[in-house]
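**Q** Sharing a structure, written as structure tokens. Questions coming.
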Amino acid sequence: MFHMIISGLLLGTVLGFVFQRGRFCVTGAFRDLFTTRSTRWFTAFMVIVAVQSIGVFALDAVGVIELGGGTFPWLGTIIGGFIFGFAIVLAGGCATGTYYRAGEGLVGSWLALIFYILGAAAFRFGPLAGTTDSIRSIEISNGNLYETIGVTPWILVILLVAAVAVAALRHLNRERQVHKMSLPATKTGLAHVLTERAWHPFMTAVIIGVIATLAWPLSWATGRESGLGITGPSANIGVFLGTGDMALVDWGMMLVLGLLIGSFIAAKASGEFKIRVPDATTTVRSITGGAMMGWGAAWAGGCTIGNAMVNTATFGFQGWTALLFMVLGTGAATRIFITNHKRQGAGPKPVLSTVS
Amino acid sequence: MTKHLLETDGQVCPFPLVEAKQAINQIDLGDELIINFDCTQATDSIPQWAAENGYPVTEFIKRGAAEWSITVRKA
């Protein structure tokens, strides 16, 4: 069994590396919609969904995996999604973002991660699991769009890919008109590409989309019949640490451990690892946000990855509803904590005056 | 021409960019703003902001492990 789940560790390591180097932050993608009204990173996020959608329905067509079915626990998805979206602003990153920032040495993310694991474990298996069961028992029996309206999923795949392609091309066209500065290169060849150069968000998104697709057959082969997922494995870590139950050590747990390893390797190799200790405000926000993330993800049935990135690719009602309410939650928290940001002593200090 | 320093080390993203936007409003046209930051994501978001707003970047360097400095001119 162990040789099977090791593929989760390897895939997670690659994914952690790509997230760190690509500066891929789903929280940022949602937040930018409100702070700068920019859809650049959100479009990149949707590129992942589109690439993965093609991939998973192709795998389904050839019989490697089997999609469809499921129900739609709408109330938990709506409330949990909103809580999760709100929480990721406080924590400074979604579940994946928190894992990879932990690997970069951000102590605030270590705290968010610990409390996310605790929150997810408490709401999935612990004393609060009853609330999750209750709210998720309120459901609609149809789980996905294509089975409900009775069409082949490929019609939806084509529509999604076309819409995302139009949005991506619009961004690429606009980019040609501005000149963005990059850091001076100090490395050459592969080292420059992998550990120095700024990756284009859409390129990173395509790579993540391919990794997310590969996750399905690799995870399926170990008996875990789903794609990328962060919250379930994180809750399992919490329970495993308390019980030592080896049955919890699965492909998903290896995946999230890989995220930490991969982002640490990426940050270290790029000279971007530094232990950074947060101030008092950030510490409180990281802890609160982390715990709320575990709560929201449990009620919603997944985080920005499992729900908003994976369940959307399979046209699940839960995924798209969660995506919408996560974005709304992020918007609410952004209005409160980002737009009104004021830091004591923050401001420009004159350092050098010259007569020009 | 005056150079101004905005120190944001220790601030997590997106706060370095949020503070940079506030700071650029407080300096005179033609002045330069040096922004020190140590959150990785800002290596993308700050030059992107400068490019989209037409602020020339006169310097962009890595100061050390996970520490950067970017200088933009208010234009």
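**Q** Quick check: anything in the range A:184-205 among the basic types (Lys, Arg) and away from chain B (no Cβ under 14 Å)? Write out each step before concluding.
**A** From the range A:184-205, those among the basic types (Lys, Arg) are A:187, A:197; that's our starting set.
Remaining after also requiring away from chain B (no Cβ under 14 Å): none.
Within the range A:184-205, not a single residue is among the basic types (Lys, Arg) and away from chain B (no Cβ under 14 Å).
**Q** Taking residue A:251, is it surrounded by 24 or more Cβ atoms within 10 Å (Cβ to Cβ) and aromatic (Phe, Trp, Tyr)?
**A** Values: surrounded by 24 or more Cβ atoms within 10 Å (Cβ to Cβ): yes; aromatic (Phe, Trp, Tyr): yes.
Answer is yes for this residue.
**Q** At least 3 residues that are away from chain B (no Cβ under 14 Å) in each: list the helices (runs of 4 or more DSSP H) lying fully within the range A:53-143 that qualify.
**A** A:74-91, A:107-124, A:129-136
**Q** A follow-up question, please. For the range A:10-55, which positions are within 17 Å of the chain's Cα centre (by Cα), within 27 Å of residue A:66 (Cβ to Cβ) and open to solvent by 10 Å² or more (accessible area, probe 1.4 Å)? Explain how you work it out, then say what you get.
**A** Initial filter on the range A:10-55 (within 17 Å of the chain's Cα centre (by Cα)): A:11-33, A:39-53.
Filter again for within 27 Å of residue A:66 (Cβ to Cβ), leaving A:11-12, A:14-15, A:45-53.
Of everything in the range A:10-55, those that are within 17 Å of the chain's Cα centre (by Cα), within 27 Å of residue A:66 (Cβ to Cβ) and open to solvent by 10 Å² or more (accessible area, probe 1.4 Å) turn out to be A:11, A:14, A:46, A:47, A:51.
**Q** For the range A:163-186, what are the residues that are open to solvent by less than 70 Å² (accessible area, probe 1.4 Å) and at pLDDT 95 or above?
**A** A:163, A:164, A:165, A:167, A:168, A:171, A:172
**Q** State whether the residues of the range A:25-39 include one that is away from every other protein chain (no Cβ under 14 Å) and either polar (S, T, N, Q) or closer than 21 Å to residue A:322 by Cα (or both).
**A** Here is the first cut: in the range A:25-39, the residues away from every other protein chain (no Cβ under 14 Å) are none.
No, because not a single residue in the range A:25-39 is away from every other protein chain (no Cβ under 14 Å) and either polar (S, T, N, Q) or closer than 21 Å to residue A:322 by Cα (or both).
**Q** In addition: In the range B:24-37, which residue that is open to solvent by 10 Å² or more (accessible area, probe 1.4 Å) and under 23 Å from residue A:272 (Cα atoms) is nearest to the other protein chains (Cβ to nearest Cβ)?
**A** Step by step, filter the range B:24-37, then rank; the result is B:34.
**Q** Taking the conditions exactly as written (within 18 Å of the chain's Cα centre (by Cα), under 28 Å from residue A:88 (Cβ atoms) and in a loop (DSSP other than H, G, I, E, B)), does residue A:209 satisfy them or not?
**A** no
**Q** Out of curiosity, is residue B:52 facing another protein chain (nearest Cβ under 7 Å), surrounded by 19 or more Cβ atoms within 10 Å (Cβ to Cβ) and in a helix (DSSP H, G or I)? Can you show your working first?
**A** Numbers: facing another protein chain (nearest Cβ under 7 Å): yes; surrounded by 19 or more Cβ atoms within 10 Å (Cβ to Cβ): no; in a helix (DSSP H, G or I): yes.
No; evaluated as a whole, the condition is false for this residue.
**Q** Take the conditions in a loop (DSSP other than H, G, I, E, B), closer than 18 Å to residue B:49 by Cα and out of contact with any Phe, Trp or Tyr (no Cβ under 7 Å at 6 or more places or on another chain) and apply them to residue A:34. Does it pass? I'd like the intermediate steps shown before the answer.
**A** Details: in a loop (DSSP other than H, G, I, E, B): no; closer than 18 Å to residue B:49 by Cα: yes; out of contact with any Phe, Trp or Tyr (no Cβ under 7 Å at 6 or more places or on another chain): yes.
No, not satisfied.
**Q** Additional query: Among the listed residues A:300, A:266, identify the single one that is buried (at least 24 other Cβ atoms within 10 Å of the Cβ) and away from every other protein chain (no Cβ under 14 Å).
**A** Values: A:266 fails: away from every other protein chain (no Cβ under 14 Å).
Of A:300, A:266, the one residue that is buried (at least 24 other Cβ atoms within 10 Å of the Cβ) and away from every other protein chain (no Cβ under 14 Å) is A:300.
**Q** A further question follows. Tell me which residues, restricted to the range A:149-162, are open to solvent by 60 Å² or more (accessible area, probe 1.4 Å) and in contact (Cβ under 8 Å) with a residue 12 or more places away in the chain. Even if it seems obvious, please write down each step before you answer.
**A** Looking only at the range A:149-162, we keep the residues that are open to solvent by 60 Å² or more (accessible area, probe 1.4 Å), and these are A:149-150, A:152, A:154-155, A:158-159.
Listed by number, the list holds a single entry, A:154.
**Q** For the range B:4-15, indicate whether the set of residues that are more than 7 Å from chain A (Cβ to nearest Cβ) and in a strand (DSSP E or B) is non-empty.
**A** Looking for residues that are more than 7 Å from chain A (Cβ to nearest Cβ) and in a strand (DSSP E or B), one finds at least one in the range B:4-15, hence yes.
**Q** May I pose another question? Which condition number does residue A:319 fail, the rest of (1) more than 27 Å from residue B:37 (Cβ to Cβ); (2) open to solvent by 10 Å² or more (accessible area, probe 1.4 Å); (3) of a type outside the set (Lys, Arg) being met?
**A** With (1) more than 27 Å from residue B:37 (Cβ to Cβ); (2) open to solvent by 10 Å² or more (accessible area, probe 1.4 Å); (3) of a type outside the set (Lys, Arg) applied to residue A:319, the lone miss is (2).
**Q** A further question follows. Looking at (1) in a loop (DSSP other than H, G, I, E, B); (2) at pLDDT 95 or above, which one does residue A:285 not meet, given that it meets all the others?
**A** Just one mismatch for residue A:285, condition (1).
The values are calculated or read from the model by the stated rules, or taken from the named source; none is laboratory data. Here the structure is a predicted model, which means the values were calculated and not measured. A quick note on method: Cβ atoms are made from the backbone with ideal geometry, for glycine too, and the neighbour counts reach across all protein chains shown. Ligands, DNA and RNA are excluded from the accessible area calculation, which covers all protein heavy atoms including side chains. Shrake-Rupley method; radii C 1.70, N 1.55, O 1.52, S 1.80 Å.
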